[in-house]
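K.L.:
Quick one: the structure is below, questions incoming.
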Amino acid sequence: MTTENLGYTLAVTHRSSSKTHEKIWLKPMALYVPDVAVGAVAELVAQLADNSESENGFVLTVTNNNNGVSVDKDRLTLADLHDPTFAADAVKDLINIVRGYESDEETNVCGW
């Protein structure tokens, strides 16, 4: 039996406009590389048409598409998302939380 890898989704949502941009990563371990995570967040923020600075205006979300586990970091500012250290750490933290829910599973299809 073969299980298809649906990967992880990294998403940024603008709270005021409710617009969301997301990207699926079939090999999410690449997001542990700080430059990759920072680039991914910057790409998603750039795609939001109305990304004007607003207090606590963004949500960063990581979802495991294989089991539906999703976690987010809410009330982020544009400055938070543009800060390379913050963005890289936030993505890594969210992935670690999602992976924590997988520890009891027998198989892991995301390449970990």
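The values are calculated or read from the model by the stated rules, or taken from the named source; none is laboratory data. In this text, all values refer to a predicted model and were calculated from it rather than measured experimentally. Cβ atoms come from the backbone with ideal geometry, glycine included; neighbour counts cover every protein chain shown. For accessibility, only protein heavy atoms count, side chains too; no ligands or nucleic acids. Shrake-Rupley method; radii C 1.70, N 1.55, O 1.52, S 1.80 Å.
K.L.:
Can you tell me how many residues in segment 1-23 are in a strand (DSSP E or B), open to solvent by less than 40 Å² (accessible area, probe 1.4 Å) and of a type outside the set (S, T, Y)?
P.N.:
4
K.L.:
Taking the residues in segment 2-18 that are on the phi < 0 side of the Ramachandran plot and over 15 Å from the mean Cα position of the chain (by Cα) as candidates, determine which candidate is modelled with the highest pLDDT.
P.N.:
Here the residue is R15.
K.L.:
Are any residues in segment 24-51 surrounded by 16 or more Cβ atoms within 10 Å (Cβ to Cβ), without any contact (Cβ under 8 Å) to a residue 40 or more places away in the chain and not in a loop (DSSP other than H, G, I, E, B), and if so, which ones?
P.N.:
Matches in segment 24-51: W25, L44, V45.
K.L.:
Check V71 against each of (1) crowded, with 16+ Cβ neighbours inside 10 Å; (2) of a type in the set (V, I, T); (3) modelled with pLDDT under 95 and name the one condition it does not meet.
P.N.:
Exception for V71: condition (3).
K.L.:
Can you name the residue in segment 53-63 that is at pLDDT 95 or above and touching a helix residue (DSSP H, G or I) at 6+ places or on another chain (Cβ under 6 Å) and is also farthest from T9 (Cα to Cα) among such residues?
P.N.:
Checking each candidate, the answer is L60.
K.L.:
If you go through segment 84-106, how many residues are within 16 Å of L44 (Cβ to Cβ) and either modelled with pLDDT under 85 or hydrophobic (A, V, I, L, M, F, W, C) (or both)?
P.N.:
The number of residues fulfilling the criteria is 7.
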